[in-house]
1. Could you grab me the full set of residues in the range 113-122 that are crowded, with 16+ Cβ neighbours inside 10 Å and either in contact with a strand residue (DSSP E or B) (Cβ under 6 Å, 6 or more places away or on another chain) or of a type in the set (A, V, I, L, M) (or both)?
2. Given (1) over 22 Å from the mean Cα position of the chain (by Cα); (2) surrounded by 12 or more Cβ atoms within 10 Å (Cβ to Cβ); (3) not hydrophobic (A, V, I, L, M, F, W, C); (4) not in a helix (DSSP H, G or I), where does residue 15 come up short, assuming only one miss?
3. I'd like the full set of residues that are more than 14 Å from residue 176 (Cβ to Cβ), without any contact (Cβ under 8 Å) to a residue 12 or more places away in the chain and hydroxyl-bearing (Ser, Thr, Tyr), limited to the range 44-93.
4. Which residue pairs have Cβ atoms closer than 6 Å, lie 6 or more positions apart in sequence or on different chains, and pair a first residue in the range 126-138 that is in contact (Cβ under 8 Å) with a residue 60 or more places away in the chain with a second residue that is surrounded by fewer than 22 Cβ atoms within 10 Å (Cβ to Cβ)?
5. Can residue 78 be described as among the charged types (D, E, K, R) and either at pLDDT 95 or above or at positive phi (or both)?
6. Output the residues belonging to the range 98-112 that are farther than 18 Å from residue 164 by Cβ and either in contact with a helix residue (DSSP H, G or I) (Cβ under 9 Å, 6 or more places away or on another chain) or surrounded by 13 or more Cβ atoms within 10 Å (Cβ to Cβ) (or both).
7. Scan (1) among the small types (Gly, Ala, Ser); (2) within 26 Å of residue 102 (Cα to Cα); (3) part of a loop (DSSP other than H, G, I, E, B) for the single condition residue 126 breaks and write down its number.
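The values are calculated or read from the model by the stated rules, or taken from the named source; none is laboratory data. Everything quoted here is computed from the prediction, not taken from an experiment. Reconstructed Cβ throughout: ideal geometry from the backbone, glycine too, with neighbour counts over all protein chains shown.
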Amino acid sequence: MAKGTIHNKDVFLNEIADKLGRKRKTDVTLPTWKHQPQWEVYKNDSPDDLLATFQKNSKAKKVDVVETDKSMLSETIEKVINEYGGGTIVTTKDARFAEYGLTSVFDNEQTHRWDTALGEENIEKAKEANLGIFFSDISLAESGTIVQFNDKDIARSVSLLPTTYIAIVPKSSIVPRMTQATHEIHKQVEAGKEIATCVNFISGPSNSADIEMDIVVGVHGPVKAVYLVV
């Protein structure tokens, strides 16, 4: 079977419509809502206002937030790496590391750069890593959330498997809330662009309150999280 081929689609959908006792719908029109309050949240906030909100809500989720500028990024990230124990590191394969002048920082034997040619070895490296480092594609002020547009090179394992993850957050990536993030994805679809195979919304280190409502951090993922705002 060829990739992306759907077989018997019409037969299946026609049968569903028949069971529902109505004609099959062949198109969907997005309604125009009279009230759209989701766009009003932080509507008039400046980039600095959004950053302040992002910091506040990130810290509430036990995320450490570090600010720097592009000229000091290499020095700052090396300092953060040392503060969080150094050791083995795994990074995504992302052109932004070069764009932000970080190539030399990660050009060492301690760092593994995601390489699809290595297959399962990448996952083992991520499991063993103390630190996972990647870029946030969109960052949500309202919830202190970072967004990953995952693909074969921007792998989920980098944010899920190491003990600590460090997300590099360009200040320009900070938007009010999920409304703007989903709108950006919708625009990509409308433009016919190939969108990410998976979009991850990550809010701090992993935690769970499933057992007796007690919060436990690091149950099924990183124990610590750092947002490095540039």
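1. Within the range 113-122, just 113 meets the criteria.
2. Here residue 15 meets the rest and fails (4).
3. Pass one, the range 44-93, residues more than 14 Å from residue 176 (Cβ to Cβ): 55, 58-93.
Within this subset, residues satisfying the condition of being without any contact (Cβ under 8 Å) to a residue 12 or more places away in the chain are 71-72, 75, 79, 82-83.
71, the sole residue that qualifies.
4. 136/173
5. Details: among the charged types (D, E, K, R): yes; either at pLDDT 95 or above or at positive phi (or both): yes.
So residue 78 passes the test.
6. 100, 101, 103, 104 - these are the residues of the range 98-112 that are farther than 18 Å from residue 164 by Cβ and either in contact with a helix residue (DSSP H, G or I) (Cβ under 9 Å, 6 or more places away or on another chain) or surrounded by 13 or more Cβ atoms within 10 Å (Cβ to Cβ) (or both).
7. Residue 126 satisfies every listed condition except (3).
So that you can scan it fast, the table gives a plain yes or no per residue for (1) under 30 Å from residue 29 (Cβ atoms); (2) free of Cβ contacts under 8 Å to residues at least 24 places away in the same chain; (3) small (Gly, Ala, Ser):
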{"residue": "142", "(1), (2), (3)": "yes, no, no"}
{"residue": "145", "(1), (2), (3)": "no, no, no"}
{"residue": "151", "(1), (2), (3)": "no, no, no"}
{"residue": "166", "(1), (2), (3)": "no, no, no"}
{"residue": "189", "(1), (2), (3)": "yes, yes, no"}
{"residue": "195", "(1), (2), (3)": "yes, no, no"}
{"residue": "214", "(1), (2), (3)": "no, yes, no"}
